[in-house]
Each structure stands twice: as structure tokens, then as C-alpha cells.
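A quick write-up on the structure given underneath.
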Amino acid sequence: MKKAAIAGLVLVLLAPMLGLLTIGVVMNSAVTNQANCVASDVVLGPIPDSLEVTMKDGYTFTLNKQQLTHAGTIITTGANTPGVGRDGILIALMAALTESTLRQLANTGTYPESGDYPNDGNGADHDSLGLFQMRPQAGWGTVAELMDTTYQARAFYGGPDGPNYPSPRGLLDIPGWQQMDKSEAAQAVEVSAYPDRYQNYEPVARTILDALTVRGGGNGSGTPGDADTPETSRLVFPLPTGTYMRTSTFGPRTDPITGEASFHSGTDWAAADGTAIFALADGVVTYAGMVDGFSGQITIEHTIGGEKVATKYIHMWAHGIHVTAGDRVIAGQHIGDVGSSGHSTGPHLHFQVHPGGAGSRAVDAEPWLAERGVEGIEAPAGGGPGCRP
């Protein structure tokens, strides 16, 4: 009886503490869920060829396909970054519209090498580069990094997984940004000498976001179905011009590792370790990870010419995979980096095309790409890094 009474007294004394502990656990769970929240109601749809937009001051202009493609990169990156949400994407669009009118600008006056990367023109704002006019000297990244639109979008959003964390600060690093006026939040990241410019582009950003996205997309499984894979309007060669050399073609060959006769189900292009890999077309990532634990692979499902088509990108290192299953990507998006994981003799991209989907037989990628007018098949076959798939 004494033990029971003592136990009861202890429970009475501890009850308030247990209640606080329970509240703490619930609150911590809520915070965790909020931190892990992604913009699940933002799904990128087809990119139109042009879009007429009107600024707050009434000025109307037209954005072209390239500008809207960059907007798609900003939207996709934000939708896949925990904590950003639709408001964060709006702020990023406002900033990029204000800084560059959604153009990836080189700056050959300060950085001559910036002109060697894909760009939409030449800027001359001190040492600023790209969509968000970020400055290498301010610590935003190298010239090579800032001439990558996906990198710039990730840097603008920031956060613990941002490439520039903890400084300079991205949007997620600004305390209370959700409660700020959107133009003030954009200014907090950009630290512009002209802070009043951003609000003029808010209506434009809203028009873009509404035009390019479909709310509540997906089939609830995390991997969108066929109906959620929009028809792509352009195709982009999966490696930057001048960075690669074909080392193995599709078809029968001698396996470079075993020396045995085998069938090579893709095309190998050797490139320096870390070279950017681009998505061939708009689509949905159905696999991104290490096959059998040691070979990096990304699989993307597309709709091309009314047909379901899958593309596979193989041999990336684990840290060189920049997308996850369920992500919606756009043509030319930086999805990974060249590596040499798995059955590989050196850094290269093993690329496969599967008309009908990932479960269908692969076809020779080079004539398939050539028939569709994709430029970039330029280097002759030769000895060099290869693989077994």
C-alpha cells in the first residue's frame, strides 16, 4: 500500500511535467512537418511559347519561351525545396524578373569566361551574373556555378541545403520572411540599391505562376501518372556543347571490363567528372538513386510527339544526383553531374532512350535524337571511358 501511495504521489507531482513534455513533442512534430513541407500544390505544366504580362504600373510586355523556361526552373526548384511554398516561389520570380527579366546573363566585361556558358545575353552590372544577378565576389558562387540557372535558383532559396549556406543568406535564411511584404523579402535576399523595384513585378510573377502550373497535380502516389506528364515542346542534348566525346555506341561490342561480347543498350559520352547533365525534355522523374547500391541513375518519363518515352542517365556519383523521384523537370534542367559509379572505366554519361516507357526496349539514341533535330551529336566514336550496361 505504501508503495502504491508513493507511486500515486509521484504521478501527481510529475503530471504537469509530463503534460509539458507531451505538448513539446506535439509542437516539435508540427515544426518538423512544417519544415519538411514542399509546395505539393505547385506542379509545373507545359511551357508556352510566349506569355503577355502586365506590370503593376500598367506596362505590358511579352515573355518568350526561353524566359518562361527559366521561370520553370525557378518554379520546379522551389516546389522541391522544403519550406519554400507558393509564396516563396512568387518572391523568387519577382526577384529574377526585376534583376534580369528572367534572362541568364553573362558578364564578359568582368568575367570573360562567363560568355563560354549558355546565356541569353551580356549584362554589365558590376560583377553580377545570371538570373538573380548574383556576385561571385559576394560569395554566391563561382562563375561556372552562377552560370547554371538551377544553381542560382537553389542559392536564392537558400536554407540548410542551399549551396551558399549560411552566407550569403537565401530566402529561407531570412527570419520571418513569410510575414514580410513580398517585395521586402526579395530585397532582403538581393540587397539591391533600388529596393522599390520588386513590387512592380508582383502581378507579372503571379501571372507566370498561374500560367505555368497546375494546382494539386499528381496521383497521390508520389510518382505522377501518364496524364500528369505534359507534351514537351523542345528537346535539349543532355551534355553542354564542347564538353564530351562519344566513346561507345549502341549495339554489339566487346565489354571494356570483362572483354566478353555483349550488347550495349545506350550511348556513352566521356566528359570530365562533375560536368552538368541536362534533362532531354520536360518530364517526371520516376527513379533517382543508386541502382544495387553502387550505380547512380536517373530515369525520366516524357511525352514526346504524343508518345510516352523514358530516358535514363547513368553512372553519376550519389552526390551528383540533383533530383528525386516524383520531381517534375523541364528540358535543359541540370539534373545531375557526370560520374563514374558502377561498372565504369572513367567519367562519362551512359544515355538511353526507351520509346514506350522505361519498361520498353531501348533504341539507338543517336539516330533517334537526330530524327528529332537535337543538335550535339558531333564527336566520333573512339576509345575511352565506357561501361557495361
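The values are calculated or read from the model by the stated rules, or taken from the named source; none is laboratory data. Quantities reported herein were computed from a predicted structural model and do not represent experimental measurements. Neighbour counts are summed over all protein chains in view; Cβ atoms, including those assigned to glycine, are modelled from backbone coordinates with ideal geometry. Ligands, DNA and RNA are stripped out before the accessible areas are found, and what is left, the full protein with its side chains, is counted by its heavy atoms. Shrake-Rupley method; radii C 1.70, N 1.55, O 1.52, S 1.80 Å.
Things to note:
- The set of residues in region 70-90 that are open to solvent by 10 Å² or more (accessible area, probe 1.4 Å) and polar (S, T, N, Q) comprises THR77, ASN80, THR81.
- Residues in region 289-332 that are in a strand (DSSP E or B), out of contact with any Gly (no Cβ under 8 Å at 6 or more places or on another chain) and open to solvent by 10 Å² or more (accessible area, probe 1.4 Å): ILE304 alone.
- Residue within region 121-131 that is out of contact with any strand residue (DSSP E or B) (no Cβ under 8 Å at 6 or more places or on another chain), among the hydrophobic types (A, V, I, L, M, F, W, C) and at pLDDT 95 or above present: yes
- Among the residues of region 277-316, those that are touching an Asp or Glu at 6+ places or on another chain (Cβ under 7 Å) and at pLDDT 95 or above comprise ILE277, MET316.
- Criterion applied to GLN179, GLN104, GLN137 was being within 20 Å of VAL329 (Cβ to Cβ) and free of Cβ contacts under 8 Å to residues at least 60 places away in the same chain, and the one residue passing it is GLN104.
- Being among the polar types (S, T, N, Q) and touching a helix residue (DSSP H, G or I) at 6+ places or on another chain (Cβ under 9 Å) is not true of GLN297.
- Within region 239-268, being in contact with a Gly (Cβ under 8 Å, 6 or more places away or on another chain), in contact (Cβ under 8 Å) with a residue 24 or more places away in the chain and not β-branched (Val, Ile, Thr) holds for LEU239, MET245, ARG246, SER248, PHE250, PRO256, HIS264, ASP268.
- Filtering region 91-101 to residues that are crowded, with 24+ Cβ neighbours inside 10 Å and under 20 Å from the mean Cα position of the chain (by Cα) leaves ILE91, ALA92, LEU93, MET94, ALA95, ALA96, LEU97.
- Selection status of THR54, open to solvent by 10 Å² or more (accessible area, probe 1.4 Å), free of Cβ contacts under 8 Å to residues at least 40 places away in the same chain and out of contact with any Lys or Arg (no Cβ under 8 Å at 6 or more places or on another chain): no
- Verdict on SER360 being in a loop (DSSP other than H, G, I, E, B), in contact (Cβ under 8 Å) with a residue 40 or more places away in the chain, polar (S, T, N, Q) and within 23 Å of GLY293 (Cβ to Cβ): no
- Candidate set from region 182-224 (those that are within 22 Å of PHE61 (Cα to Cα) and of a type in the set (Asp, Glu)); member that is modelled with the lowest pLDDT: ASP196
- Top-ranked residue of region 262-276 - restricted to ones that are in a loop (DSSP other than H, G, I, E, B) and hydroxyl-bearing (Ser, Thr, Tyr), ranked as modelled with the lowest pLDDT: SER265
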